[in-house]
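Peer 1: Would you mind keeping the following structure in view while I ask a few things?
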Amino acid sequence: MRRRIQPPQTQNGAFPGRKRILILMSDTGGGHRASAEALQAVFQERYPEAIQVDIIDLWMHHTPWPLNQLPKSYRFVTDRTPRLWKWAWRLSEKETASELLFSTVTRWAANAIRRAFLHYAPDLVISVHPVMQHVPLTVLADMGWSLPFVTVVTDLTTANLNWFHPGVDRCFVASQEALERARRAGLAPSQLRLTGLPVRPAFARQARPKAELRRMLGLDPERRVVLLMSGGEGMGPVATIARRVAWELARRKIPGELVVICGRNQRLRERLSRQSWPIPVRVLGFVTDMPNWMGASDCVITKAGPGTIAEALICGLPILLSGYIPGQEEGNVPFVVTNGVGDYSEDPGEIARIVARWLGPDRERLAAMSQRARALAHPQATYEIVDEIAALVGVASQDAPEDASREG
Ligand code: UDP
């Protein structure tokens, strides 16, 4: 393959002649970064010569102390004190509370955020985070900069109202429920698009049969594979669920194999790796080839993370939800259950029994859920979002190279 010769970058990292898009995100959970990287990958694939994309953690790297410490406390608060999180989440939806929050943050962080905009000098800004509409839009207005601002909502259903700012040029959402919330927050139909969640392009392309993927990953092609995960951070009672599922499958003599993805939870990984199991169990840390692991599995047990749900739907994986973060993930439970693509239980014993039924007597139901999952999925969402945003910076989609791997 011929290597593309990059034109020289200017001092602020810009490639002359290209439109520059700045994505604002923060590492609260794994989903915002995953969506930002998905968008960046598709811009790179579709418009390599016309558009350059930078991703910044605006909160961590461009606000002063102690604001920049807040993302670090997210995991602790959502995992250990969910009631406090639920209260804070609901409070943040109240207009007076959010106004107070955002005006305080703006006073504190405006200079640092202004410096970030001056450094990157973007032609368009994308926010993939609920607290990154109001403050950056205020800073841009104070700078006298008028440039397109786009929100890509990375929550699936119960998206916090702070995602929605009437001053944006476009707002992309993933479900009817999120669309209605956006309307309630004052966005007009011309600003709104219902596309689905942006997921990495590898999910849209993953077409290898299960058996081939299992061989490739060193899994037993004769066994049914249960994937167990819990977001980028591996939150919640993953270890207990793993034990209960493994023993239940062994007790019922169901030929199963369990894959546990611990994400960034190193302690969980070490703990599970030391255990002995009654069936084959693979314990993994943070994997970068999620489409392969999902494609090789028969079902997934997961907390109700929007990214994981959207990816599982594309892979046709029935979803057993084992919990949710109050607030933003709450609506994902009825979304999965009422659409007939999975079940919900927080009880590890019940989870194990449901999985055993799915892999045993309820195999037909499992197949039907898998079909419904594919029908509900939006594998092309990232491409649709990227093409529309490219048009906003004056880059037409015919400027993009044809990609034979994409379907219609
Ligand atoms: N993820 C991954 N590798 C891992 C664990 C998770 O790539 O080892 C990805 C997963 O595929 C999904 C994201 O991290 O895209 C998790 O997002 P989700 O919205 O499900 O949960 P969050 O971590 O944001 O709470």
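Peer 1: State which residue pairs qualify: first residue assigned to a strand (DSSP E or B) and inside segment 340-352, second residue open to solvent by less than 40 Å² (accessible area, probe 1.4 Å) in any location, beta carbons under 6 Å apart, and separation of 6 or more residues or different chains.
Peer 2: Gly342/Pro318; Gly342/Ile319; Gly342/Leu320; Gly342/Val336; Asp343/Leu320; Asp343/Ile354; Tyr344/Leu321; Tyr344/Val333
Peer 1: A follow-up question, please. Please verify whether Val131 is within 30 Å of Thr195 (Cα to Cα), open to solvent by 20 Å² or more (accessible area, probe 1.4 Å) and of a type in the set (Val, Ile, Thr), treating the condition exactly as stated.
Peer 2: Considered against the rule, which asks whether it is within 30 Å of Thr195 (Cα to Cα), open to solvent by 20 Å² or more (accessible area, probe 1.4 Å) and of a type in the set (Val, Ile, Thr), Val131 comes out as yes.
Peer 1: Of all residues in segment 231-245, how many are buried (at least 24 other Cβ atoms within 10 Å of the Cβ) and modelled with pLDDT of 95 or more?
Peer 2: The number of residues fulfilling the criteria is 4.
Peer 1: Now, a different point. Taking Val337 as the residue in question, decide whether it is of a type outside the set (Phe, Trp, Tyr), buried (at least 21 other Cβ atoms within 10 Å of the Cβ) and more than 9 Å from the ligand (Cβ to nearest atom).
Peer 2: It is false that Val337 is of a type outside the set (Phe, Trp, Tyr), buried (at least 21 other Cβ atoms within 10 Å of the Cβ) and more than 9 Å from the ligand (Cβ to nearest atom).
Peer 1: Arg274: open to solvent by 10 Å² or more (accessible area, probe 1.4 Å), farther than 25 Å from Val337 by Cα and either within 16 Å of the ligand (Cβ to nearest atom) or among the polar types (S, T, N, Q) (or both), yes or no?
Peer 2: Spelling it out, it is not the case that Arg274 is open to solvent by 10 Å² or more (accessible area, probe 1.4 Å), farther than 25 Å from Val337 by Cα and either within 16 Å of the ligand (Cβ to nearest atom) or among the polar types (S, T, N, Q) (or both).
Peer 1: While we're here: Mind listing whichever residues of segment 221-237 are assigned to a strand (DSSP E or B), of a type in the set (A, V, I, L, M, F, W, C) and either more than 7 Å from the ligand (Cβ to nearest atom) or more than 20 Å from Cys315 (Cβ to Cβ) (or both)?
Peer 2: Of everything in segment 221-237, those that are assigned to a strand (DSSP E or B), of a type in the set (A, V, I, L, M, F, W, C) and either more than 7 Å from the ligand (Cβ to nearest atom) or more than 20 Å from Cys315 (Cβ to Cβ) (or both) turn out to be Val225, Val226, Leu227, Leu228.
Peer 1: Let me ask something else about it. How many residues are open to solvent by 40 Å² or more (accessible area, probe 1.4 Å) and in a helix (DSSP H, G or I) when one looks only at segment 24-34?
Peer 2: 1
Peer 1: Another one. Given (1) farther than 30 Å from Glu311 by Cβ; (2) open to solvent by less than 10 Å² (accessible area, probe 1.4 Å), where does Gly167 come up short, assuming only one miss?
Peer 2: Evaluating Gly167 over (1) farther than 30 Å from Glu311 by Cβ; (2) open to solvent by less than 10 Å² (accessible area, probe 1.4 Å) leaves (2) as the failure.
Peer 1: Let me ask something else about it. Could you check Val259 against (1) open to solvent by 50 Å² or more (accessible area, probe 1.4 Å); (2) within 12 Å of the ligand (Cβ to nearest atom); (3) not small (Gly, Ala, Ser) and say which number it fails?
Peer 2: Evaluating Val259 over (1) open to solvent by 50 Å² or more (accessible area, probe 1.4 Å); (2) within 12 Å of the ligand (Cβ to nearest atom); (3) not small (Gly, Ala, Ser) leaves (1) as the failure.
Peer 1: A follow-up question, please. Just name the residue that is farthest from the chain's Cα centre (by Cα) out of those in segment 357-389 that are outside any helix (DSSP H, G or I) and more than 15 Å from Phe203 (Cβ to Cβ).
Peer 2: Pro361
Peer 1: Looking only at segment 204-220, how many residues end up being assigned to a loop (DSSP other than H, G, I, E, B) and either within 16 Å of the ligand (Cβ to nearest atom) or surrounded by 13 or more Cβ atoms within 10 Å (Cβ to Cβ) (or both)?
Peer 2: Residues in segment 204-220 being assigned to a loop (DSSP other than H, G, I, E, B) and either within 16 Å of the ligand (Cβ to nearest atom) or surrounded by 13 or more Cβ atoms within 10 Å (Cβ to Cβ) (or both): 5 in total.
Peer 1: I've got another one for you. From the list Glu49, Glu37, Glu93, which residue is surrounded by 17 or more Cβ atoms within 10 Å (Cβ to Cβ), among the acidic types (Asp, Glu) and either away from the ligand (no atom under 16 Å from the Cβ) or at pLDDT 85 or above (or both)?
Peer 2: That would be Glu37, the only listed residue that is surrounded by 17 or more Cβ atoms within 10 Å (Cβ to Cβ), among the acidic types (Asp, Glu) and either away from the ligand (no atom under 16 Å from the Cβ) or at pLDDT 85 or above (or both).
Peer 1: Only one of Pro82, Pro66 is out of contact with any strand residue (DSSP E or B) (no Cβ under 7 Å at 6 or more places or on another chain) and touching a residue at least 12 places away in the same chain (Cβ under 8 Å); which?
Peer 2: Unique residue meeting the criteria: Pro82.
The values are calculated or read from the model by the stated rules, or taken from the named source; none is laboratory data. Because the structure is a prediction, the values reported are computed rather than measured. For neighbour counting, all protein chains shown are included, and Cβ atoms are generated from backbone atoms with ideal geometry for every residue, glycine included. Calculation scope for accessible area: heavy atoms of the full protein, side chains included, ligands and nucleic acids excluded. Shrake-Rupley method; radii C 1.70, N 1.55, O 1.52, S 1.80 Å.
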